[in-house]
Amino acid sequence: MPSIIHCDIAVDEDDCEKLVRIIQGNILKIAEALAGDLQWYSQNAQLVPDSFQIISIQPTDNNRFKMLYDFSWNLFNPCLDLNETFTRREEVLFQVKPGALVFDVIDNERPSPADEL
């Protein structure tokens, strides 16, 4: 499932620092897709806003890059006396296309009970 950041960028752009600035400035547009379905951890898991940090971007091949990033999520349940924040480190591949960065985000949505049957 691709996630897209529309921006003014050339197809042959290979400046990783420029890519970091573009993505960090627009990361909230794709944050939920990058974090995935936190329901795998708990029904009470919540994404921490503005917690996304790009660790690195590395070229892989023709107009394709690998981005390593972290983000935080919070688990709050007063009945169980839980209020903890966790940090996850993930990576995603993306491609520079005319006027856009296209991220190859893996769909990890939790299946419904009907899907499990």
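The values are calculated or read from the model by the stated rules, or taken from the named source; none is laboratory data. It should be emphasised that the depicted structure is a prediction, and the values quoted were computed from it without experimental measurement. A quick note on method: Cβ atoms are made from the backbone with ideal geometry, for glycine too, and the neighbour counts reach across all protein chains shown. The area values use the complete protein model at the heavy-atom level, side chains included, leaving out ligands, DNA and RNA. Shrake-Rupley method; radii C 1.70, N 1.55, O 1.52, S 1.80 Å.
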Open item on the list: Just to be sure I understand, if you calculate percent of Cα pairs over 19 Å apart for this structure, which of (i) 50; (ii) 56; (iii) 68 do you get?
Closed with: (i)
Task: Listed residues Glu13, Glu90, Glu84, Glu32 arranged by accessible area, highest first, probe 1.4 Å - done: Glu32, Glu84, Glu90, Glu13
TODO: Only Lys, Arg, Asp and Glu count, each charged at its Cβ (+1, +1, -1, -1), so figure out the dipole size of the chain about its Cα centre, rounded to 20 debye.
DONE: 160
Task: Built amide H within the under 5 Å cut-off of Val105, gap 5+ - done: Ser3
Open item on the list: Placing +1 on the Cβ of each Lys and Arg and -1 on the Cβ of each Asp and Glu in region 1-91, which of Ala35, Cys7, Gln46 has its Cα farthest towards the positive end of the resulting dipole?
Closed with: Gln46
